[in-house]
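Please read the structure below before turning to the comments.
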Amino acid sequence: MTGSGTVRPFFRPLFAVILIALAGALFFRSLPREAPIERRGFMMGTAVSIRALADEETLEAAFGLLHSLDETLSAHLETSEIGRVNAEAGSPTRLSPQTASLLAEALAWAERTDGAFDPTLRPLTRLWSGDGQNHRPPTEEAVARGLGDIGWKRVRLDGDSLLLEAAMGLDLGGIAKGHAADETARLLRERHVASALIDLGGNIVVIGGRPDGGPWRIGIQDPRKPRGECLGVVEVRDLSVVSSGNYERFFEWEGRRYGHIVDPATGCPADSDLSGVTVLSERSLDGDALATALFVMGREKASALAGELEKEGFAFILAGDDGTLYASPSLEGVFRLESKEYRLEER
Ligand code: AMP
Ligand code: MG
């Protein structure tokens, strides 16, 4: 009796400590994750990655969504919705509501950019995309024929009903990654993810700030330098940052570089006096269409349109091929130029 009476006071605090430790462990397990997880893959013809304060299941769902958007919107896949629509050109067809609304957005940007962005370039992008090995430029005749089969004004879209003239074809490659990034961000937000960086080959959307609370820091690729060398940095929260330029994808033939962005006016890869364009916007779909279009337009026209769009909340970084750099006034304190090879200029 006396023995047990002397042991008890020693074990009581020990029990209490164990109980507190168990309760603490349960409490911390129920708190949101502190460390982000990252997943990488290759989709939509580009490297994709998502870094988020989320669980594996959420990232799995996000990659599933990206995969299904790729399988729907790819112009290269005969089995995609776009592949089917292109094969049916010449007869009326019906689009899924999501694709119909994406095409409507693409046509609206075609109008706003005076056709520099054109979602009907498939007859030309098919010629220029380096599908085969030892890729070489198409003949002038082939380009002239291709030019005869494009034109966003010729698309008949009425709700979900679409009519493309025979030989025409859609290529939503200039807007699909932006749309996919928006949809991925929507999925993550629905699952209460408060911090994420979605990168679809330079089409970036960030949710919230970094896990440590600061803004996300996004390097802007120097278009004239090897991949990974940045000309500067933007610091952002809850925003889309999209960059475009011929440094992304191209092939070389007899010492000339042929980029993947086609000028609908010439039918050939855009010969731009801009080397890179970055657009900051709420929706990545808008930034994606615009980055492609402004590159095609070249510095003078791009600057004029940028001036109009700045009043609607868009911001731009336009890198000239001569080392001049324009950054929207709203980027003061957001964008920091780090390269000494660029001079900041007023518009
Ligand atoms: P991005 O990588 O967003 O600049 O878009 C380039 C992709 O969009 C190309 O690979 C083509 O699939 C398509 N594309 C090329 N030129 C244009 C253009 N002028 N307007 C719309 N889409 C284009
Ligand atoms: Mg684009």
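The values are calculated or read from the model by the stated rules, or taken from the named source; none is laboratory data. Bear in mind the structure is a predicted one, so any value in this text is a computation, not a measurement. The protein model used for the area step is the full one, side chains on, heavy atoms only, and it has no ligands, DNA or RNA in it. Shrake-Rupley method; radii C 1.70, N 1.55, O 1.52, S 1.80 Å.
For the stretch 266-347, what class follows from the C-alpha gyration tensor (a ≥ b ≥ c being the square roots of its eigenvalues): rounded when a/c is under 1.5, otherwise prolate if a/b is larger than b/c, else oblate?
It is oblate, given that a/c is not under 1.5 and a/b is not larger than b/c.
Averaged per residue, what accessible surface does the chain expose to a 1.4 Å probe, in Å²?
Heavy-atom accessible area per residue stands at 52 Å².
Which cross-chain or sequence-distant (5 or more) residues have an amide H under 5 Å from the amide H of residue 275, H modelled 1.01 Å from N in plane?
319, 320, 321
Classify the stretch 174-235 as rounded, prolate or oblate, taking a ≥ b ≥ c as the square roots of the eigenvalues of its Cα gyration tensor: rounded when a/c is under 1.5, otherwise prolate if a/b is larger than b/c and oblate if not.
Judged from the Cα gyration tensor, the stretch 174-235 comes out oblate (a/c at least 1.5, b/c at or above a/b).
Pairs of alpha-carbon atoms within less than 8 angstrom and 6+ residues apart define the contacts here; what relative contact order does the stretch 17-344 have, in percent?
The normalised contact order for the stretch 17-344 reaches 16 percent.
Per-residue HN-Hα couplings for the stretch 263-275, Karplus 6.51 cos²θ - 1.76 cosθ + 1.60 at θ = phi - 60°, whole Hz, x for Gly and Pro?
8, x, 6, 10, x, 10, x, 4, 9, 8, 8, 9, 9
Kindly sort 297, 168 by accessible area of their heavy atoms, largest first, with the probe set to 1.4 Å. Present the calculation step by step, with values, prior to reporting the outcome.
On the way: 297 40, 168 5 Å².
Listed by decreasing accessible area, they come as 297, 168.
Express the Stokes-Einstein translational diffusion coefficient of the stretch 17-344 in µm² s⁻¹, to the nearest whole number, given a Kirkwood radius over alpha-carbon pairs, 25 °C and a viscosity of 0.890 mPa s.
It comes out at roughly 117 µm²/s.
With the full set of protein chains in place, find how many percent of the accessible area of the chain is carbon and sulfur; take the probe as 1.4 Å. Write out the running numbers ahead of the final one.
Working: 9540 of 18050 Å².
It is 53 percent, rounded to a whole number.
Quick check: with the 1.4 Å probe, what order do 154, 186 take by accessible area, largest first?
Most to least solvent-accessible, the answer reads 186, 154.
Taking residue 177 as the anchor, which lysines have their alpha carbon closer than 27 Å to its alpha carbon, excluding any fewer than eight residues away along the same chain?
Straight-distance partners of residue 177: 153, 225, 301, 311.
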